[in-house]
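I have placed the structure first, in the form of structure tokens, so that the comments after it can refer back to it.
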Amino acid sequence: MAARAVRPCTLHPTGNLILTKASSFSPSVSAFDNPARDGPRGPLSGIGVLDLSAYIAGPYGCSLLADQGADVIKVEPPAGDNLRAYPSTLDGENRAFLGVNRSKRGIVLDLKAEADHATLMSLIARADILVHNFRPGVAERLGIDYPGLEAINPRLIYCAVSGYGEEGPLSGKAGYDQVLQAMTGMCVLQGKPPVPELTYGSPVDYYAAALVAAGVSSALFERERSGKGQYVGVSLLRSALTMQSARMIQAEGEAHDISRDMRSGGITGLHPTGDGYLYLSANTPHFWKALCALTGLDQLANNQRYDTVRRRAQHAAELVPQLHAALAARTALEWERIFGDAVPCSAVRHIEEMFEHPQVRVEDMVSSIAHPVLGYYRGVTRAIKFGRTPGPKPFAAPMLGQHDDEIPATESDGRITA
């Protein structure tokens with residue numbers, strides 16, 4: 001990649017880096033103060049984030065920060081985030097990339113090129129947070145390991161997302177969501193013996209993203225007390241195990257092959273109806289009796305053979321066929337209306353139905369976002385609701401290198417030029 005042109009810049013009194021001469025960019029705009037953000041401030045407005053990560057966990061963690069007002073600059077290599085190249089049914093763009101990279105500006109830097117590396121270092125000197133998911137050792141080779149950056153910016157929150165952590169026999173391996181599902185027992189518990197089953201939708205990645213956002217936010221809070229940044233480590237292995245905290249309990253002397261199933265023996269779960277599937281939960285005595293009453297199975301409600309959740313699990317082979325026969329009389333949507341609040345349940349829906357679901361619309365969970373190729377697309381925004389500082393409006397994930405001309409650069413030796 002050819003060295004990019006040097007754009008003269010200087011320091012704003014606040015300490016932010018700004019351009020002083022550039023035909024396409026206002027000299028009053030700092031690297032981490034995006035003038036295009038429209039709407040109210042968020043709890044993280046004024047916080048600058050450098051996102052050097054790829055795939056899902058790191059990028060979506062940074063999008064959660066952007067939702068809350070942080071100015072996130074996504075730094076990609078010349079070939080772009082690997083997720084851009086993944087298969088997608090969306091014409092001209094990648095659905096997954098759009099979904100996990102909203103509300104960021106994007107630039108391309110070849111960190112092996114001296115001028116681009118210097119540009120990154122100048123941005124790091126002004127940043128509050130840096131997130132990456134390089135394998136252990138790569139950050140050191142690129143000269144952006146935490147000890148080195150701490151010397152440049154002692155207030156930097158440095159978040160490294162790894163597959164298995166920083167130490168140990170697997171520390172050098174790359175981590176992938178479904179690999180971790182298989183490794184940590186998730187697909188055994190998800191499936192029905194003897195066949196394991198993977199969970200759809202990258203839950204390990206998305207939970208790791210939430211840990212990224214939570215971890216760096218906590219570090220920012222602590223920085224207000226100490227004035228110092230720190231290293232924050234998030235791994236997919238930690239994410240996968242943390243997701244199973246309710247199951248991952250082993251008492252002293254307990255057998256290794258003890259059942260950890262929490263699905264209540266088949267009563268609580270997915271069931272076929274006259275049309276469609278219905279998920280219902282009947283663990284408590286109140287819900288069990290309501291289920292029996294509303295399905296016409298009153299004779300089961302007060303039968304001592306089934307009067308506890310453990311007994312119902314023990315005799316599920318007797319109960320489930322009777323339940324299925326009763327549910328076959330109506331559709332899943334009809335049962336959903338009949339059960340109401342008396343029995344926790346939901347008809348199984350396609351994700352497409354959620355765009356227009358009245359609850360989703362009232363809570364403003366989905367926004368229409370302008371995009372240079374697609375025109376507009378709708379997507380999930382604002383995972384958290386803030387009453388006083390709701391945050392600015394979301395905007396589209398960046399095209400590759402879309403904001404190269406808007407991000408301040410430095411001379412090749414890393415000096416900030418006047």
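The values are calculated or read from the model by the stated rules, or taken from the named source; none is laboratory data. What you are looking at is a predicted structure, and each value in this text was computed from that prediction instead of being measured. For neighbour counting, all protein chains shown are included, and Cβ atoms are generated from backbone atoms with ideal geometry for every residue, glycine included. Accessible surface is based on the protein model in full, side chains and every heavy atom, while ligands, DNA and RNA are left aside. Shrake-Rupley method; radii C 1.70, N 1.55, O 1.52, S 1.80 Å.
Please report, ordered by residue number, the helices (runs of 4 or more DSSP H) entirely within segment 200-305 with at least 1 residues that are free of Cβ contacts under 8 Å to residues at least 12 places away in the same chain, within 30 Å of Ile47 (Cβ to Cβ) and open to solvent by 60 Å² or more (accessible area, probe 1.4 Å).
203-226
If the Cβ limit is 7 Å and pairs must be 6+ apart or interchain, which residue in segment 169-193 that is under 28 Å from Glu140 (Cβ atoms) and acidic (Asp, Glu) pairs with which residue that is assigned to a loop (DSSP other than H, G, I, E, B) and open to solvent by less than 90 Å² (accessible area, probe 1.4 Å)?
The qualifying pairs are Asp177/Ser202.
From Ser63, Ser45, Ser88, Ser53, which residue is within 18 Å of Leu374 (Cα to Cα) and among the hydroxyl-bearing types (Ser, Thr, Tyr)?
Result: Ser88 is the single residue among Ser63, Ser45, Ser88, Ser53 that is within 18 Å of Leu374 (Cα to Cα) and among the hydroxyl-bearing types (Ser, Thr, Tyr).
Look through Arg135, Arg141 and report the one residue that is basic (Lys, Arg) and either crowded, with 18+ Cβ neighbours inside 10 Å or more than 24 Å from the chain's Cα centre (by Cα) (or both).
Arg141
Inside segment 343-358, can you point out the residues that are free of Cβ contacts under 8 Å to residues at least 60 places away in the same chain and in contact with a strand residue (DSSP E or B) (Cβ under 7 Å, 6 or more places away or on another chain)?
Selection gives Phe355 alone.
Just checking, does segment 146-158 include any residue being over 15 Å from Ile407 (Cβ atoms), of a type outside the set (Lys, Arg), open to solvent by less than 40 Å² (accessible area, probe 1.4 Å) and in a strand (DSSP E or B)?
Within segment 146-158, the first condition is being over 15 Å from Ile407 (Cβ atoms), and the residues that meet it are 146-158.
Next, only the ones that are of a type outside the set (Lys, Arg) stay: 146-154, 156-158.
With open to solvent by less than 40 Å² (accessible area, probe 1.4 Å) added as a condition, the list becomes 146, 148-149, 153, 156-158.
Those still in the list that are in a strand (DSSP E or B) too: 157-158.
Yes: one or more hits.
Please name all residue pairs, on different chains or six or more residues apart, with Cβ atoms under 8 Å, provided the first residue is in segment 313-341 and is within 17 Å of Leu297 (Cα to Cα) and open to solvent by 40 Å² or more (accessible area, probe 1.4 Å) and the second residue is of a type in the set (Val, Ile, Thr) and assigned to a helix (DSSP H, G or I).
Arg330/Ile338
Based on this model, can you work out whether Leu109 counts as buried (at least 17 other Cβ atoms within 10 Å of the Cβ), at pLDDT 95 or above and in contact with a strand residue (DSSP E or B) (Cβ under 6 Å, 6 or more places away or on another chain)?
Spelling it out, Leu109 is indeed buried (at least 17 other Cβ atoms within 10 Å of the Cβ), at pLDDT 95 or above and in contact with a strand residue (DSSP E or B) (Cβ under 6 Å, 6 or more places away or on another chain).
Being over 32 Å from the mean Cα position of the chain (by Cα) and basic (Lys, Arg) is the filter; apply it to segment 5-61 and report the residue that is modelled with the lowest pLDDT.
Out of the qualifying residues, it is Lys21.
Say we look at segment 125-140 and pick out the residues that are closer than 13 Å to Glu150 by Cα and in contact with a helix residue (DSSP H, G or I) (Cβ under 6 Å, 6 or more places away or on another chain); which of these is modelled with the lowest pLDDT?
Ala125
Kindly provide the set of residues from segment 358-394 that are over 23 Å from Asp33 (Cβ atoms) and among the hydroxyl-bearing types (Ser, Thr, Tyr), ordered by number.
Within segment 358-394, Ser368, Tyr376, Tyr377 qualify.
For segment 257-279, which residues satisfy the criterion of being of a type in the set (A, V, I, L, M) and at pLDDT below 95?
Ile258, Met262, Ile267, Leu270
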